[in-house]
Every structure is written in C-alpha cells, then in structure tokens.
Amino acid sequence: HMPPLDAWKTYCAAMAKRYGERIRYWEVWNEPDIDFWKGSLDEYLQLLQGAHEAIKAVSPAAKVMTGGFAIYDRNPKFIEAVVDRGQAWFDIFAYHRHGGFEPFRIEVDGPIAGMRSRLKGGIPIYFNETAVSSVEGGERAQAETLFKKLTFAWSRGSIGYTWYDLRNDGWDPKDYEHNYGMLTHDFHPKAVYPVYNTLATVLRGM
C-alpha cells in the first residue's frame with residue numbers, strides 16, 4: 001500500500017544522494033499496473049511525483065522512469081492515466097511486455113504507439129524488462145525472440161532494451177520463472193546467450 005509520502009520522499013532523496021553518481025535511471029515501482037502495486041491510481045501518481053521531486057532536487061541529471069508497466073490489456077486505464085496525468089513527473093516511459101514477438105509487436109505498434117503520441121517534450125520509451133521463458137518453445141525460440149524483440153524495439157526508438165533475466169532462477173523445466181535466463185542455474189550458456197553476445201558486439205556504438 002501507499003507508504004507515508006514524507007517518508008517516501010526522504011527515502012528517494014537519500015538513495016539519490018548516495019547513488020546519484022552511479023545510477024542514471026530510477027524506476028518508480030515495478031509493474032504498478034498489476035499486483036505489485038496495492039494502492040490506487042491517485043496514490044501511485046503521488047508516489048511518482050514525490051519520487052521525481054526528491055530525486056531531481058538531489059541529482060538533477062538523473063532520469064526518473066514510470067514503473068515498468070507489465071502488459072496493456074490487464075489494466076489499460078491505469079497505464080493510460082499515468083501517461084496522460086503524470087507526464088510532468090517522469091523522463092522515461094518504462095514498459096515490459098514479456099512473451100513472444102508477435103504480441104509484443106502488436107502492443108508496441110498499437111496502444112503503446114497511441115500513448116507515445118501523447119507524450120510531450122520528447123519523452124522516450126525504454127523496454128526495460130521484456131523477455132520470454134524457454135518453457136515457451138524451447139531455447140531456440142527464446143533466442144529468436146531476443147533477436148526480434150531487441151531489434152524491433154530499437155527500430156521503434158527505444159533508448160534501451162533489458163532482457164529478464166541473466167540466470168535461470170531454478171531447475172524446474174516447467175516453471176516459467178525458472179527458465180527466463182540466458183544462463184542455466186549453474187551458469188551454462190543457453191542458446192539465447194550467444195545471440196545477445198553477438199548483438200552487443202556487432203551493434204555496439206551504432
């Protein structure tokens with residue numbers, strides 16, 4: 001639920017003061033459009049505003065991001081309202097959308113494009129947590145999805161792309177959370193890792 005606002009702002013300012021020279025991007029909550037946020041829309045907007053004001057007061061060059069939204073169709077009114085009502089309090093529109101390439105493409109060129117067209121002042125988008133588990137189609141499909149999603153995100157102007165996650169969380173071959181990694185739980189590279197490595201090598205500096 002909503003933390004006390006004064007305490008929240010004190011916390012944000014303290015974090016920015018301590019880590020401001022090392023951390024450029026500050027995401028205000030994780031996936032607030034789903035169950036990770038228990039408060040109301042208005043409370044989240046207060047949280048976003050408080051974080052923006054506190055962080056910028058200490059570290060003006062820092063970039064404050066929206067919470068990385070999980071998926072459009074689960075709580076679209078929440079996401080739309082944050083974009084429309086909260087633009088003064090974020091520098092980057094953060095978005096996730098896990099899963100295969102085609103749903104990602106449809107969402108990015110559909111409702112996400114609509115929201116981006118209403119962003120003022122050149123606010124960019126950052127797909128800062130979007131992947132697919134190798135449970136869906138195996139390691140080859142996971143590797144192909146990384147290539148497609150990363151290059152497509154770039155073609156749509158994303159300032160960055162972050163894969164979730166580096167290492168499998170466990171060993172269960174049927175558990176999605178255990179199979180998002182680029183490496184197995186004991187650090188052996190999966191098929192997606194050389195794809196990432198090749199993209200990072202070939203596209204560096206472009």
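Along its principal axes, the range 99-184 has C-alpha extents of 45, 20, 18 angstrom, given from the largest down. Of the GluC sites (Glu not before Pro) found in the range 20-66, the ones in coil according to DSSP and having at most 13 other Cβ atoms within 10 Å of their Cβ are Glu21.
To the nearest ten degrees, helix 138-155 and the longest principal axis of the Cα atoms of the chain are 50 degrees apart.
For the range 7-74 and the range 106-174, compute the distance between their C-alpha centroids and round to whole Å. So the separation of the two Cα centres works out to 21 Å. Normalised by the number of residues in the range 62-182, the average gap of Cα pairs under 8 Å and 6 or more apart makes the relative contact order 23 percent.
The GluC sites (Glu not before Pro) found in the range 89-180 that occupy coil by DSSP, while having at most 15 further C-beta atoms within 10 Å, are Glu136. The listed residues Met15, Met206, Met182, once ranked by accessible area (1.4 Å probe) with the largest placed first, stand as Met206, Met15, Met182.
Going down the list Lys56/Lys148; Lys38/Lys148; Lys17/Lys174; Lys17/Lys190; Lys38/Lys120; Lys120/Lys149, which pairs span over 31 Å between their C-alpha atoms? As for pairs spanning more than 31 Å Cα to Cα, those are Lys56/Lys148; Lys38/Lys148; Lys17/Lys174; Lys17/Lys190. What longest range of the chain stays clear of loop-exposed chymotrypsin sites (Phe, Trp or Tyr not before Pro) (DSSP non-H/G/I/E/B, at most 12 other C-beta within 10 angstrom)? Between the exposed loop sites, the longest stretch runs 37-170.
Antiparallel beta bridges, as assigned by DSSP with both residues in the chain, represent about 10 percent of the total such bridges.
The values are calculated or read from the model by the stated rules, or taken from the named source; none is laboratory data. All values derive from a computational prediction rather than experimental measurement. Backbone-built Cβ (ideal geometry, glycine too); neighbour counts: all protein chains shown. Just the protein is used for accessible areas: all its heavy atoms, side chains included, with ligands, DNA and RNA removed. Shrake-Rupley method; radii C 1.70, N 1.55, O 1.52, S 1.80 Å.
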